[in-house]
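The values are calculated or read from the model by the stated rules, or taken from the named source; none is laboratory data. Not measured: the values here are computed from a predicted model. Cβ placement follows ideal geometry from the backbone for every residue including glycine, while neighbour counts extend to all protein chains displayed. Note: areas computed on protein heavy atoms with side chains; ligands, DNA, RNA excluded. Shrake-Rupley method; radii C 1.70, N 1.55, O 1.52, S 1.80 Å.
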Amino acid sequence: PKQQLVLSSHDRNCGPVAALVSLKGEVSSVKWHKKGDYFVSVSPKAPGGAAVLIHHLSKGNTQQPFGKRSNKAEPQLACFHPNKPFLIVASAQHIRLYHLVKQTMIKRLLSGCRHISSIDVHPATGDHIICGSLDRRMVWFDLDLSDTPYKTLKYHERAIRSVKYHTKYPLMASASDDGNVHIFHCTVYSDLMRNPLIVPVKILDRKS
C-alpha cells in the first residue's frame, strides 16, 4: 500500500503511539471505528485502490479493502458504520456503502451536491447519513427510504465545511465558511412508519 502505519516506541502517556506515513499523495481524511482499534484514511490522489485504507492499530497492519478503481470518482471521505461491517465512502457527488466482509457495494446515494465536504453517520442507528457540501447544502439520507435525499437543508450563505451528529443527544450541527454554526434538533423514531423530525434550534454566529 501507499501508506504505512508505524507504531511508536514512546510511552503511551506522553507521546504518539503511531504515525501514519503517506508514501504518495496527501491524507485528506482520517476516521476512527467506534471500538477504537481501527481507523480509515483517505488519500484521493493515491493510485489504484490505495486511496482508501483501513489500519489496525494494535497490530500495526494496513489493509486495502478495494481493488483498482473502476470509476473516475476520487474518494474524498470515509467512515465506518457504527453497528454493521459497512464502510461509507464519499466522492464529490456520491456516497457509497460497502460491505467489508462480502467485499461488495450495497448502496449508492445520490446527493445532488456539487462537492461533498463532510459526512457523518447517526451514532445510534446507523440508518441515517448527513453530508455537507461546498454549495451550501446539508443533505439527510434515510437509508430505509431511498437512495436520494430525505431532506435538503440550505441555511448557510457560504460553503459548509463540517456536519456532525451529537453522540448523545438528538442534535446535529453544520459549520460554514460564513462563520456560523447551525444547530438542529433531529429526532429519529424506532417506528419505521414515522419519518425523522428535523427542527432548526439555534445559530451560533461569529459574534457570539
- Item | Simple Cβ-charge dipole of region 91-135, Lys/Arg +1 and Asp/Glu -1, about Cα centre, in debye nearest 20 | 240 debye
- Message: Accessible area of region 35-138 with a 1.4 Å probe: how many percent of it is carbon plus sulfur?
- Response: 50 percent
- Can you work out the FRET efficiency for the pair Thr148 and Asn61, with r the C-beta to C-beta distance and R0 = 41 Å, to the nearest 0.05? 0.65
- Considering only protein heavy atoms, with the full assembly of protein chains and a 1.4 angstrom probe, order Asp127, Asp120 by accessible area, largest first. Asp127, Asp120
- Message: Expected output is a single nm value to one decimal: the length gained when fully extending between Arg194 and His94, i.e. 0.36 nm times separation in residues minus the C-alpha distance. What is it?
- Response: 33.4 nm
- Entries of Lys31/Lys107; Lys45/Lys168; Lys35/Lys107; Lys35/Lys202; Lys102/Lys151 with Cα pairs more than 27 Å apart: Lys45/Lys168; Lys35/Lys202; Lys102/Lys151
- Query: If you take the beta carbon distance between Lys35 and Lys202 as r and set R0 to 22 Å, what does 1/(1 + (r/R0)^6) give as a FRET efficiency, to the nearest 0.05?
  - Reply: 0.10
- Message: Please report the net charge: other residues with Cβ closer than 14 Å to the Cβ of Leu171, K and R +1, D and E -1.
- Response: +2
- Ignoring ligands and nucleic acids, Asp205 exposes an accessible area, probe 1.4 Å, in Å² to the nearest 10, of 70 Å²
- Sum up the charges of everything whose Cβ sits under 10 Å from the Cβ of Ala78, counting Lys and Arg as +1 and Asp and Glu as -1, but leave Ala78 out. +2
